[in-house]
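What follows is a short report on a single structure.
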Amino acid sequence: LLDRQFGHMALERLGVGLKQRTGGGCVLVHGVSVGEVKCALPLVRALRELHPACDVVISSTTDTGLALARKLYPDLSVVRFPLDFSPLVARFLSRIQPRAVMLVELEVWPNFLRLCNRRAIPIAVVNGRVTAESFRRYQPFRRAMPQFARISLFCVQLEEYAQRFRHLGAQAQRVRVTGNLKADGLKIDASPTDVREREGLRSILGLGQEQCVFVAGSTHEPEERLVIEAWQSAIPTARLLLAPRHPHRVSLIEKDLIAMGHQPQLLTQLRQQRERPDPKRPAIVDTIGELEQVYALADLVFVGGSLVEHGGQNVLEPAALAKPVLHGPHMTNFQAEARLLEQAGASRLVQDQADLARALRELWADQGLRARMGQRGKDAVLAQRGATQLTLEAFSVACLA
């Protein structure tokens with residue numbers, strides 16, 4: 001199965017099956033994977049409202065990114081981003097015919113940028129960021145990097161990122177601090193549809209109203225095992241929901257949990273009523289695009305990619321839902337978000353499995369503390385909103401005028 005998926009992905013990155021667009025030029029919005037695709041949602045919506053005659057095409061690189069894009073943008077064209085080989089990029093641009101390009105966060109490929117410049121296609125980096133680690137890697141080569149000079153506009157999250165972009169060669173007048181788009185894309189208040197979906201999910205999982213729900217989201221190898229051990233020692237009566245970052249790992253996670261003495265349940269099987277939900281067993285969310293609704297059911301949330309040296313995942317998503325957030329020390333890719341919650345008193349840093357167990361035990365014993373942390377996180381996310389409007393204003397002037 002994995003070989004077939006890889007083969008299909010490789011063919012798409014070579015441009016096989018890419019159809020010729022008809023009509024005028026579009027805005028190409030590229031997000032490399034799930035996080036970037038989801039981050040672009042409020043900006044895409046605002047772009048279509050402000051420029052209704054302008055078509056939008058979404059591109060992504062990963063299978064999970066494409067799957068989420070098709071779910072979030074059912075009425076838009078969704079395509080695989082090409083390999084950065086000049087003939088492939090040239091054919092991609094000829095078939096998509098963009099009049100402008102948005103690159104979410106920082107996805108700069110030399111041949112893609114060069115060929116866009118040759119065709120006078122303006123490029124904007126939106127929600128841009130350069131982490132401290134990336135900055136250190138770029139610095140020795142900054143004089144040999146013409147890429148940033150090819151970009152028309154940088155809409156960045158923070159002033160510290162703006163300074164790094166300028167130091168690496170971005171022209172100062174092209175850099176704008178517009179804030180974090182992820183804050184605009186997060187749901188603060190549940191719609192009637194959200195409420196129905198969440199209650200349906202609660203029923204499918206067999207969650208009682210009084211039972212503690214502990215969600216470990218966007219986990220990476222071997223975090224599931226660490227989470228299981230912490231849960232088992234600290235709050236074994238809680239319903240544990242595991243939502244791995246990459247669903248293709250589900251079968252391996254199942255094997256690990258069985259070896260640890262736990263028979264997990266899969267959300268897809270519960271939804272198909274293949275078995276009855278058992279609140280004593282861990283459940284694995286083996287779908288894409290449901291993490292936000294799963295977080296909404298939680299009393300406690302651990303955000304993965306952070307107990308291992310992956311760089312963390314988005315801690316603002318559960319915070320926006322007023323959930324107390326736990327994460328590990330490895331938050332390189334989400335330093336600003338982690339710092340925001342830390343300063344607000346909305347999160348707890350845990351160093352390892354034992355520390356996670358202690359935090360779970362303490363927070364579950366103090367409902368008032370959980371509520372205060374959750375409200376502080378929600379308030380912190382609300383205070384960050386407004387990046388969509390600032391970004392779209394700058395993009396319209398620099399790239400669509």
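The values are calculated or read from the model by the stated rules, or taken from the named source; none is laboratory data. This structure is a prediction, so every number in the text was calculated from the model and none was measured. Backbone-built Cβ (ideal geometry, glycine too); neighbour counts: all protein chains shown. Keep in mind that these areas ignore ligands, DNA and RNA; they rest on the heavy atoms of the full protein, side chains included. Shrake-Rupley method; radii C 1.70, N 1.55, O 1.52, S 1.80 Å.
List of remarks:
- Compared with the alpha-carbon gap, the fully stretched path from R361 to E197 is longer by 56.1 nm at 0.36 nm per residue.
- Note on the chain: with neighbouring protein chains present and a 1.4 Å probe, carbon and sulfur make up 51 percent of its accessible heavy-atom surface.
- Nearest 10 degrees, 0 to 90: helix 223-234 Cα axis against the chain principal axis: 30 degrees
- Taking K378, K19 and ordering them by how much accessible surface each has at a 1.4 Å probe, largest first, produces K19, K378.
- Sites A259 and Q163 - FRET efficiency at Förster radius 56 Å, r taken between beta-carbons, to 0.05: 0.70
- Extension gain, R150 to Q232, is 24.3 nm, computed as 0.36 nm per intervening residue step minus the present C-alpha separation.
- By the helix-only formula, in which each DSSP H run with n ≥ 4 contributes -39500 (n - 2.57) and the sum is divided by residues, the chain has a 222 nm mean residue ellipticity of -13500 deg cm²/dmol.
- Positive dipole terminus of the chain, leading residue within P122, S306, A394 (C-beta point charges): P122
- Computed label-point distance, nm, for sites D379 and Q211 using a 7 Å Cα→Cβ extension: 3.3 nm
- Sequence-distant lysines (8 or more away, or on other chains) whose Cα lies within less than 28 Å of K255: K280
- Computed from Cα positions, the angle between helix 2-13 and the longest principal axis of the chain comes to roughly 20 degrees.
- At R0 = 22 Å, FRET efficiency that the Cβ-Cβ distance of E107 and L390 yields, to 0.05: 0.60
- Listed residues G217, L207, Q351: farthest to the positive end of the dipole of the chain (Cβ charges): G217
- Heavy-atom accessible area order for S60, S233, largest first, 1.4 Å probe: S233, S60
- Neighbour cut-off at most 16 other Cβ (10 Å), DSSP loop, trypsin sites (Lys or Arg not before Pro), the stretch 91-188: R119, K187
- Using the Cβ-Cβ distance between R118 and R4 with R0 = 35 Å, the FRET efficiency computed as 1/(1 + (r/R0)^6) comes to roughly 0.45.
- Under the simplified labelling scheme, the S86-Q343 pair shows an inter-label distance of 4.6 nm, with each label point 7 Å from Cα along Cα→Cβ.
- In plain terms, the chain from C54 to D352 could stretch by 102.4 nm, reckoned as 0.36 nm per residue minus the Cα-Cα distance.
- All-pairs Cα distance distribution in the chain, expressed in whole percent, bin size 20 Å: 26, 56, 18, 0
- Cross-link reach list, lysines versus K378, counting only Cα pairs under 18 Å and skipping chain neighbours closer than eight places: K182, K187, K323
- Heavy-atom accessible area ranking, 1.4 Å probe, most first, across M373, M260: M260, M373
- Rolling a 1.4 angstrom probe over the protein heavy atoms with all chains in place gives the chain an accessible area of 44 Å² per residue.
- Zone residues, the stretch 1-37, relative to T268, backbone N less than 14 Å from point 7 Å out along Cα-to-Cβ: 1-2, 5
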